[in-house]
Every structure is written in C-alpha cells, then in structure tokens.
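To start, the structure under review is shown below, and the notes come after it.
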Amino acid sequence: MTGDKAPAMREPSAKEIRLVIAASSAGTIFEWYDFFIYGTLASLIGAAFFPSDNSTLQLLLVWAGFAVGFGFRPLGAILFGFLGDRLGRKYTFLVTVTLMGVATAGVGLVPSAATIGLAAPAIVILLRILQGLALGGEYGGAAIYVAEHAPKEKRGYYTAFIQASVVGGFVLSILVVIACRFLVPADDFVEWGWRIPFLLSIILLGISLWMRLKLSESPVFQAMKAAGGTAANPFVESFTYPGNKKRVFVVLFGVTGVLTTIWYTAFFSGLSFLRGPMRVEEQVVEIIMLVAGLLSMGFYLLVGRWSDFVGRKKPIVIGAALTLLLLFPIFWGIGALANPGLRDDARDAPVTIAGAGCEFDAFADEQATSCGRLLSDLTALGVPYDIAPGPAPVLSIGAESHDYSALAETERSANLRDWLEEAGYDFSTQVPPPANIIGIIALLLCLGGLSALTYGSVAALLAEMFPPKIRYSSMSIPYHIGAGYLGGFLPLIAGYIIATTGDAYSGLWYTWVVVAFGLLVAIWGLPGGPPRDFAADE
C-alpha cells in the first residue's frame, strides 16, 4: 500500500488534549448558539424585519434569511479552508469565531423595518451572510484540530464532543431565550427583549477567544509545515488529488446530506412543528426542546466511542436506514401527543374547498383569488385541506357547506374561524398533560438518537478520508455545500411544501428523499471496516 505518510510529529500531552477538546467544544457551542438564536426567535424576527399581511410568507421570509446564511457556508469553507491549510488551523478558527460573534451581536442592534424600512431586512441578510461565511470555516477547523490531537484509538470519541457541541449551541440558544422570557415581561420581550440573546454574543465571543488563544497549533500542521509539505493551492488540489473527486461526492451526499437533514428535522422541524400546526404554548415548546436537546448530547459521545471499535460507516448506515423507517411514525406520534384534538377534528370534519383560481402561492404577499386567500387562512390556522374540482366557491367542513364568495375581505378570516369552531375545531393554545410531554420528549430523543448515529463519528471520518495537506479544504467544502444547501434550506423547502399542500407532515418527504439517496451513496462509497488513517490508494 502506498500513501501520504503522516509527518513525524510530537505527541500532545493528556492535559493539552483536554484543553483542546474543551476550547474547541466551547467555541463550537458559542458559534452555533450565534447561528441558531436566529431560528429559535424566528417568529419575533419575522415581525421585526420581515413584516407581511401573509403570516405564512412572513415565516418563509425568516427561513429564507436563515437559508441565506447557510448558502454562504461553502464560500466560507473555500476561504477559510484555504487559510487553514496554508496558514494553520488555530488562527483560522480564531478569525471565524470573531466574525460570527460580531455579526450576531449586530442583528440585535439593527432597527426594525417599521423604523428604517427595507434597510432593516437588507442589513439582517448581510449579517446572515457574514455568519454563514464564519460558520463555513468553523466546523472544519474545530473538527480537524481535535482529530489531529487525538490518539487514533480515541479519535471518534474525542471528536464526538464537536458534534455534541453543535447540539449544545442549540440548547444554549433555547436556555438563554427561556431565561430572558423569565426576566423580561412578556410585552417587553416581544418589543425589545428578544434582542438580548443576540447582544450576549459579545460576552460569549470574549470567553471563546480567551480559551482558544491558549491553544497551540495542531502538531500535524506544525510537522507538515516544518517539512515543507503544505499545499500550494488547497482549493485546486482538493479536486485534483487522486481519488478526491469520489471522496468529495461521498462526503457531500452520503455523509453531509444524510446527517444535516436528519439534524435539522429533529431540532428545527420539531420546534416549528410544535409551535406552528400543533399550537403548543411557546414556553412549553422551548422547555421540551431544551430537555430533549440536552439529553441527546450524550448520544453523540456514545456513537463516537462506538465508532472507534466498529468503524465510521456502520453507525451512519444504520442511522439513515432507521430514519427512513421511523421518521413519519415519530412525527405522527408527536402530533398525537401534542394536540390529539387536531387529528380528531380533521377526521370528523374534513375540510374541502373548491372554486376558481384555487391555488395558494406561499410567496405572494396577497393571494390573487378569494379561494387562494381562503387557503392562506387555512394554512395559517394549521388546518389540513383538500382541493376539489369545480368553479363554484364552496367550502365544505364535514357535512356543512358554505359559499365564501360573498365574504367581505375584512371579515373573511374571522368568519372562517367561526365556521371551523362550529364544526368542532379548537384553536386554543395547547398545554399537553405531563405524561404527553414526557412522551413527546421521548420521541424527540429518538430523533436525537438517529441524528447521533449519522453525525457522532463524522468529524473523525472526514479527517481520516483526506490527506493532511488539503484536509481543511477537502472536508469543509463538501460538508458545507451539503449542510448549507441540503440542510440549511430544509426549513424553507419543508415550510413551502406544507404551505402548498395543507398537510403538516408533508414537509418530511424532503428529508426522506435526501436521506434515501444519501444512504445509497454511503453504502457504495464510505470506507468500511475498522478506523484507519488516510491512504492515497483508497
């Protein structure tokens, strides 16, 4: 076997490895907190920066802003991957965490659209772009830094702390929001208190920089640089190095496509599903997601350690296959526990609508037809519906039929809600009983377990799949293309599918299809067997 042999290097001490894991994990938590706080406060951000008479459009615009940040992650991966392979791992992710902290705090300082008009969403989008660029360099830097310090037999376990830290950022974002809601009166929180979690990024940035400045450069990079083995152009070599095109393709679809769609479905789709169509009280949802996220962090460490014995491929394949089997049943179970009355209402009094121009455009500020406007109202209420052929403007709710053509626009939404409530629909905010809450948390933990299986060993796997001299670029570019587009656009795409079908579960098909394709790629392309360092002939 021929291959790129690792250059001679010093062995880091146990104390140094502990500091490396702690600093990298803490920085990752803080940086992902910065990114996720935007999604956690989606409804308030929508009202402040993307106001619209169409509530569905308002939320979609928020998710579009979320997606923009993810869309720039690949560019950040190219830029910071180049710097990481040329100049070093340590200083590159010092830059990324600084950029992320400053951009996030900036969101908390932007005046609302009511104050400065279209400049508000424009500035927010610019700050999201900066966040995306920073995040494009963060994961690769932290993952490689830990992997290049870890002993081979514990690489999966040590790098799993990075994956657990991503969940930790989500948990921290919810914890801070809960604390702010507790300390700030409800009306004040809606008015200005939601900005506090963004401004706290400055404090988190200071802590992260203090910890990371205490670190030394990766021993692999130090030895490689001393031997003159760094790449002249890491970006170009990532696509010209023998066998790398296949490895990049496998990482993009067979690794990242799988893990990122499962992760965002578990946490963000779970969050928006409970808040939105299930109408669970907002603070209850936050507590549920906090507990589920906190408990699931341990799964990533277990899977990372397990992969040190069985290899990196097996957990990913098992997790993807189980997701295809369990994704819909888990969400059906969550829905049944969160708001059982909604399922019963839809079964006992199904809604069907007919009429001219009976189409819903989720991106229109105002629907073009009266039927479209009624569909918009049904979508905003989270009521599933079917569209029947025919030009007559008829809304059927169970056995009752209504002619909606004579409704005044100012009374349309109120009349629709009255008709639905007369048929038995309950639109009150839900607070599930304790037993149901425990059941929801258990099902979310199942999703967390599926995420851990497909994510827990990934940092070690990616470090082992690429040669050291182009490792930062080669793993970051496909990872952030997959995470940025397949995962980052998930809330927007799933939200659009739900809005246009009227089915709260239909957005899950996006995850299912991406995971199904990724599973085939993973089976075909991932290296099996025990963990091993990169070899050029693989």
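The values are calculated or read from the model by the stated rules, or taken from the named source; none is laboratory data. Remember, predicted model here, so these are calculated numbers, not experimental data. So basically every Cβ, Gly included, is an ideal-geometry build from the backbone, and we count neighbours across all protein chains shown.
Quick one: which helices (runs of 4 or more DSSP H) lie wholly within segment 119-217 and hold at least 3 residues that are over 30 Å from Trp306 (Cα atoms) and aliphatic (A, V, I, L, M)?
Details: elements: 119-147, 155-183, 186-191, 196-199, 201-213.
Ranges flagged: 119-147, 155-183, 201-213.
Going by the structure shown, is Ala346 of a type in the set (A, V, I, L, M) and farther than 18 Å from Ala380 by Cα? Outline the logic, then answer.
Numbers: of a type in the set (A, V, I, L, M): yes; farther than 18 Å from Ala380 by Cα: no.
When the stated conditions are applied, Ala346 does not pass them.
Return the residues of segment 440-480 that are β-branched (Val, Ile, Thr) and surrounded by fewer than 24 Cβ atoms within 10 Å (Cβ to Cβ); say none if nothing qualifies. Spell out how you get there, then give the answer.
Quick first cut of segment 440-480, residues β-branched (Val, Ile, Thr) only: 440-441, 454, 458, 470, 477.
Selection gives Ile441 alone.
Restricting attention to segment 34-81, which residues are part of a loop (DSSP other than H, G, I, E, B) and either basic (Lys, Arg) or modelled with pLDDT of 70 or more (or both)?
Residues satisfying the conditions are Leu41, Phe50, Pro51, Ser52, Phe72.
Could you check, for segment 293-311, whether at least one of its residues is over 30 Å from Ile523 (Cα atoms) and at pLDDT 85 or above?
Yes, segment 293-311 contains at least one residue that is over 30 Å from Ile523 (Cα atoms) and at pLDDT 85 or above.
Conditions tested, residue by residue: (1) touching a residue at least 60 places away in the same chain (Cβ under 8 Å); (2) small (Gly, Ala, Ser).
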position	(1), (2)
Phe328	yes, no
Ala356	no, yes
Glu359	no, no
Cys371	no, no
Ser376	yes, yes
Ala380	yes, yes
Pro384	yes, no
Ile397	no, no
Ser413	no, yes
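Return the total of residues in segment 128-168 being crowded, with 24+ Cβ neighbours inside 10 Å and either free of Cβ contacts under 8 Å to residues at least 60 places away in the same chain or among the polar types (S, T, N, Q) (or both).
Of the residues in segment 128-168, 4 are crowded, with 24+ Cβ neighbours inside 10 Å and either free of Cβ contacts under 8 Å to residues at least 60 places away in the same chain or among the polar types (S, T, N, Q) (or both).
On the given criteria, is Phe93 more than 20 Å from the chain's Cα centre (by Cα), modelled with pLDDT under 75 and crowded, with 24+ Cβ neighbours inside 10 Å?
It is true that Phe93 is more than 20 Å from the chain's Cα centre (by Cα), modelled with pLDDT under 75 and crowded, with 24+ Cβ neighbours inside 10 Å.
Only helices (runs of 4 or more DSSP H) wholly contained in segment 254-321 count here; list those with 3 or more residues that are assigned by TED's automatic domain parsing to the domain that holds Lys154, touching a Phe, Trp or Tyr at 6+ places or on another chain (Cβ under 8 Å) and buried (at least 21 other Cβ atoms within 10 Å of the Cβ).
Passing ranges, in order: 257-264, 282-310.
State the number of residues belonging to segment 406-462 that are assigned to a helix (DSSP H, G or I), of a type in the set (S, T, N, Q) and more than 32 Å from the chain's Cα centre (by Cα).
Of the residues in that region, 2 qualify.
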